[in-house]
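Notes for the one structure printed next.
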Amino acid sequence: MYSRFGHIERARNVFDKMYERNDASWNNMISGFVKVGLYHEAFGFFRKMYGYGVEASGFSVASLVTACDRSDCMLREGLEVHGFVVKTGLICDVFVGTSLLNFYCTYGPVSLARKLFEELPDRNIVTWTSMIVGYLDNGDLEEAIGMYQRMRREGVCCNENTYAAVISSCGMLGDELLSHQVLGHVVKSGLESNVSVDNALISMFGAFGRMEAASYVFDHMDEHDTISWNSMIAAHAHNGLCEESLRYFYWMRRINKEINSITVSTLLTACGTMDNLKWGRGIHALVVKLGLESNACVCNTLINMYSEAGSSADAELVFQKMPDKDLISWNSMMARYVQDEKCLYALELFAEMIRMRKAMNHVTFTSALAACSDLEFLVVGKIVHALVVLAGLHDNLIIGNALITMYGKSGMMIDAKKVFQKMSNRDEITWNALIGGYSENKEPNDAVESFKLMREDGVPANYITIVNVLGACLTLDNLQKHGMPIHAYIVQTGYEPDNYVQNSLITMYAKCGDLKSSNYIFDHLAYKNSITWNAVIAANSYAGCGEEALKLFAKMRCAGVDLDQFSFSLALSVTADLAILEEGQQLHCLATKLGFKSDHYVINTMMDMYGKCGEMDDVLKLLPLPINRSRLSWNILISAFARQGCFKEARETFHEMLELGLKPDHVTFVSLLSACSHGGLVDEGLAYFASMTTEYGVRAGIEHCVCIIDLLGRSGKLAEAEIFIKQMPVPENDLVWRSLLAACKIHGNLELAKKAAGHLLELAPSDDSAYVLYSNVCATTGRWEDVENVRTQMGSNSIKKKPACSWVKLKDKVSSFGMGDQSHPQTEQIYAKLGELRKMIKEAGYVSDISYALQDTDEEQKELNLWNHSERIALAFGLISTSEGSPLRIFKNLRVCGDCHSVYKFVSGIVGRKIILRDPYRFHLFSGGKCSCSDYW
DNA sequence: CTAGGGTTAG
C-alpha cells in the first residue's frame, strides 16, 4: 500500500521489519522504487531478489525495464534485465515485451527495437503503437507509416495513441494524400473527437500550412487541454503568424488555462523570428513568475531567442544562471559564441565540457570545429579532430562536412581533401564545402575540377555549388577559362531560373571586370526579385558605378520589389563610399520606416556611412552595446576613429575589442595601422605590425605594409621605409612606391623620390601620379628644370595629370570646380567672396606658404596661383550658398594642399562654422581655427 | 499529441 502511494520510506521500514517475505513483498518494493524515481535502488533490490531465488513478477520486471528506459544511464542494466527476461520466459508477458521494446527505442538504434518486435511472442495495441512511436521519434517516418499499414493489414485495432503518432508522421512527411486516408480511418473508428487525436491533427494541418483546417479542428473540439493550445500556438508560429500565436497565448491566460514549459518554449521560438525583443523579454518575465526558469528546455529557447534577436549579453546571462544545463544548453551557447565570432569563448566552453566530463554529441563537435575555422586555431582544430576520432564520430556526415570547412578556412586544403577522401558518406554539402574551400583559397582549377567530379559522381549540384564554383572564377583569365563554360553549363542544366545562380552570375561578371554582361543579364531577366536587384546593385557598386547603383536602388523601389536588409546595406555603402551624407540620411530614414533599423548588418553600414561622412556623433548614436558588437562593428568603429584623427580612441577601441574576446582580422589591422600612421604613432604602429602575425595570427598583407611605409615616410624615417620595402614579407606593388614617393614630397627628399618614381613607373607605366608627385618634389625643392623635364616626358608618353577637382553638394545638386574655374554662373560672387576671405584671414595673421605653389614664377604670382586652387573656390562657393552657422562639406579628388589647409583653418575660425573637407586619404574637420588632424596628415 | 542545439552559401 505504502509503495503504491509513493511513501517509499515507510514501505522500506515495513519491508525491513518483516520476518518473512514472499514474492509480492519484493515485487511491490521494486515497483515502488520505480514509482518515486529511485531507479538504482529498484535495480539493487532486483539483483538481491534474484540472488535469493525469488520469482519476479511480470509487473515488477516491466516497471524495472521502464526505469532503465527513463534513466539516461542504465543501458547496461536494461540489457541485463533483457537477458533475465529471455532466460525466465517472461518475454511471453506482453507488458514486459512492450516495455523492453520501448527501452530499445530509447537507446536505439531503432533497428534493434524492430528485431525485438519481430521476435516477441505476444503483441497488443500498445506494442504496435510503441514501435510506431519509436520510428516517429527516430525521424524514420516512412517506417512508422509502414508499420501502421501492416498493423491494419493484420487486423489489429488502433487506439488514440496510434492515430496521434500516425497523424504526426503524416505532418512531418508533408504527405497530404496519406493524411486523407488516415483521416478516413480515424472517422471510421469514432476517435475523431479524442483530444490527443485532435491535437495531433492541429499540428499536422499546421505543418501543411492549412491554418483554416487547424482552426476548424480546434474550434470544434469538446474540450481543450494545454497541448491543444500549445499546438495552436506552434502551428501559427511555424507559419510565420507570430502575432496570432501571441493572441492564442493571451486568450489562454485569460481563461486561466495551465501554461507549461512547452507553451513558453513555443512562444519564445516565435518571438525570436519576430525581430522583437519586447515580447521575448515579457515572456522571460513570465517564465520567472511561473517558476519555469530552472527548466532546461525553456532556458535553451531563451538563449536562442536572445541570440536571434542579437542580444548575446542576455543569452549569456541566461546560460550562466541556469541551474541544470543539459547538452543542448552547452551546444546552444557554443553555437552563439561561434556566430558572434567569439571563437575563444566557444573553445573555452568546449574545454570546460571536457574538464567537467559532460556528455557531448556531434553537434558539440560541429560547433567546436566551426570555432577553429581559422588559421590561428589550426592546432586546436587538429586536437578537436583527434577528439572526434576518439569519440568515434569521425564517420558522421555532418562532422565530416564541418572538418572540411574547418581545414578549408584554415587554408589547409590538403587536409580537407584527406578528410573528404576518407568519408564513407558524402552529400552535396560535403562537395560544396570542398569546392568552397578551393574557391576561398584561390585555387580555381581545383574548384572547377571538383565540380566536374561532383557531377560525375551523380551528386546533384544546388545553387550553393554554383555560387561557390563561380566564386572561384573572379578574374578575367578565369572568366574565359572557367566562368563562361560554367555559365554554359548552367544554361544547359536549367539552373538559370534560380535566383541565387543569377545573383552569382551577375556578381561573377562584375568582379571579372565585365559590368556590361552583368547589366545585360539583369536587363534580360523576365523575373526579378529582391535578390536579383540586390545583385545588380552590388555589381554596379563593385565596378565603381555608385551613382548607377543608387539609381537602380530607386528603380527597385519604384518597381514595387521588397527592399530587404541587403538592399539597404548596399545602397548605404554606396553613399558611404561617395560620402554623400544627405542620401545616406534619407536611406537611414527609409530603413527606419520599413523596420530595418535594428538589423545589425544595416546598422553597421549606417555607422560606416556616418563615419565616412565625418559624422562621428551619429556613429556613436548607432553603436550597439560592446557585448553585442560583431567584428565588423568593431572594425568600422576603429576605422571611423582613425579617419577622424581620434587616434587614442582608435587604439582604445582595439584593446576593448580584444578584451571582449573578439579576434581582430586583417581589416582591423589596416584601420589600426592607418590610425597610427595618420597620428604619427611610429613606435606603436611598428609594435602592432610585429604582433599582428605572432600574437593574432593575421598574415601581413600588402595593405598593412603600405601603412607601415606611410607611417615611416610621413614621420621622416625615409631610409627606414626604404629598408622596410626590401624586407617586406609580400612582393612590392605600385602602392608601396607611391606611398614612399608621397613621403619624399612631404620631406623634400629628391634623391629617394627619383628612385621611388623609377620603381613606380616600372610597375605602373601609365600612372600619372608618379610623374605628378615627382615633379612636385622637384618643385618643392626648387628644381624647376627637372619639373620642366618631367612635364616634357609626360607629354611624350602622352600621360595626362589627373586634374584637381573639388565639389560641394547642395540638396540635390553637385557643384564642382577645377583649378581657377570660372565656368560657374555665380563666378563673380565666388571670386568676390574669395577676395574677402583673403583679406580677412591676412588680418587674422595668415601668411601664405608659397612652397606649395608648383609653378616656377615670381612670388606674387605664386601666391595668386594658390588662390586658384579648386578647394578654395569650392570653399567660397559653399560659404555663399549655405546658411550661416551650418556645417559645410567639401570634397576633393586629390590630397588637400598644405596652404589651402591653413586657409581653411583661418576661415573656420573667422566665420565660426564647422567645415568638413574630405580628400581620398582622410577627413579634415575644421572648427574654431583648428583642424582635427592636428596638422599631421 | 505540443517545445530547445548542428554542416555548405548569402
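Each reported figure results from applying straightforward, stated rules to the coordinates on display, with no laboratory input. A quick note: this is a predicted structure, and the numbers were derived from the prediction, not measured. Cβ sites come from the backbone with ideal geometry, for glycine too, and all protein chains shown count toward neighbours.
Observations on the structure shown:
- Here the 3J(HN,Hα) profile of segment A:699-716, calculated from phi with Karplus coefficients 6.51, -1.76 and 1.60 at θ = phi - 60°, is 6, 5, x, 4, 5, 5, 5, 4, 4, 5, 5, 4, 4, 5, x, 4, 7, x Hz, Gly and Pro shown as x.
- For segment A:722-863, the Kirkwood hydrodynamic radius from C-alpha pairs, put into Stokes-Einstein at 37 °C and a viscosity of 0.692 mPa s, yields a diffusion coefficient of 185 µm² per second.
- Maximal additional length on extending the residue A:40-residue A:76 stretch stands at 11.8 nm, based on 0.36 nm per residue less the C-alpha distance.
- For segment A:95-203, the Rg and Dmax computed from alpha carbons only, in angstrom: 13.2, 37
- The loop-placed GluC sites (Glu not before Pro) in segment A:241-330, going by DSSP, that have at most 10 neighbouring Cβ atoms within 10 Å of their Cβ come out as A:258.
- Directionally averaged shadow of segment A:656-705, computed from the convex hull of its alpha-carbon atoms, nm²: 3.3 nm²
- Check: segment A:326-425 dipole with +1 on Lys, Arg Cβ and -1 on Asp, Glu Cβ, in debye: 260 debye
- Length-normalised contact order of segment A:1-123 in % [C-alpha pairs under 8 Å, at least 6 apart]: 19 percent
- Cα-based equivalent ellipsoid, segment A:427-491: semi-axes from gyration tensor eigenvalues, Å: 17, 13, 9
- Dipole of segment A:1-123, positive direction: furthest Cα of A:14, A:95, A:56, with charges on the beta-carbon: A:14
- Antiparallel %, DSSP beta bridges [both residues in chain A], to 5: 80 percent
- Given charges at beta-carbon only (K, R positive; D, E negative), |dipole| of segment A:806-931 in Debye: 780 debye
- Farthest toward positive dipole pole in segment A:326-425 [+1 Lys/Arg, -1 Asp/Glu at C-beta], among A:344, A:398, A:331: A:398
- Here the 3J(HN,Hα) profile of segment A:297-306, calculated from phi with Karplus coefficients 6.51, -1.76 and 1.60 at θ = phi - 60°, is 5, 4, 5, 4, 5, 4, 4, 6, 4, 5 Hz, Gly and Pro shown as x.
- Chain A, helix-only ellipticity at 222 nm - DSSP H runs n ≥ 4, -39,500 (n - 2.57), divided by all residues, nearest 500: -21500 deg cm²/dmol
- Summarising the label geometry, the points placed 7 Å from Cα in the beta-carbon direction at residue A:800 and residue A:527 lie 4.8 nm from one another.
- Averaging the sequence gap over all C-alpha pairs within less than 8 Å and six or more residues apart, then dividing by the number of residues, gives chain A a relative contact order of 4 percent.
- Normalising the Debye intensity of segment A:800-909 to I(0), with uniform scatterers on Cα atoms only, and taking log10 at q = 0.21 Å⁻¹ returns -1.25.
- Dividing the alpha-carbon radius of gyration of segment A:602-703 by the rule-of-thumb value 2.2 N^0.38 Å gives 1.01.
- Each of A:764, A:226, A:915 was placed along the dipole of chain A (beta-carbon charges, centred on the mean Cα), and the one lying farthest toward the positive end is A:915.
- Within straight-line cross-link reach of residue A:358, aspartates and glutamates at Cα separation under 13 Å, skipping those fewer than 8 residues along the same chain: A:324, A:326
- Its Cα gyration tensor gives segment A:1-123 an equivalent ellipsoid, and the semi-axes of that ellipsoid, as √(5λ) in whole Å with the largest first, are 26, 15, 11.
- For segment A:383-525, the Kirkwood hydrodynamic radius from C-alpha pairs, put into Stokes-Einstein at 4 °C and a viscosity of 1.567 mPa s, yields a diffusion coefficient of 82 µm² per second.
- Segment A:27-76 versus segment A:274-350: alpha-carbon centroid distance in Å: 37 Å
- Sorted by Cβ density within 10 Å, fewest first, the residues A:241, A:390: A:390, A:241
- Cross-link pairs A:289/A:321; A:839/A:930; A:516/A:551; A:833/A:892; A:811/A:842 - those with Cα-Cα distance over 23 Å: A:811/A:842
- Computed from backbone phi with θ = phi - 60° and the Karplus coefficients 6.51, -1.76 and 1.60, the 3J(HN,Hα) list for segment A:905-917 is 4, 4, 4, 4, x, 6, 7, x, 10, 7, 10, 10, 10 Hz; x is used for glycine and proline.
- Neighbours of residue A:922 by Cβ distance under 10 Å: Lys/Arg scored +1, Asp/Glu scored -1, total +2.
- Compactness index (Cα Rg / 2.2 N^0.38 Å), segment A:586-629: 1.09
- Each other residue within a Cβ distance under 12 Å of residue A:455 adds +1 if Lys or Arg and -1 if Asp or Glu, for a net charge of -3.
- Bins of 5 Å from zero: percent of alpha-carbon pairs in segment A:373-454: 3, 17, 28, 26, 16, 7, 2, 0
- Estimated Rh, chain A: Kirkwood, alpha-carbon pairs, angstrom: 33.8 Å
- Simple spin-label estimate for residue A:20 and residue A:92 in nanometres, 7 Å along Cα-Cβ: 2.9 nm
- Projected onto their three principal axes, the Cα atoms of segment A:812-860 cover extents of 37, 27, 19 Å, largest first.
- D by Stokes-Einstein for segment A:326-425, Kirkwood Rh over Cα pairs, 25 °C, 0.890 mPa s: 186 µm²/s.
- Size of electric dipole in chain A: Cβ of Lys, Arg +1 and of Asp, Glu -1, about Cα centre, debye, nearest 20: 940 debye
- Compactness ratio for segment A:700-802: Cα radius of gyration over 2.2 N^0.38 Å (N = residue count) comes to 1.04.
- Placing pseudo-labels 7 Å out from each Cα toward the beta carbon at residue A:627 and residue A:593 gives an inter-label distance of 3.6 nm.
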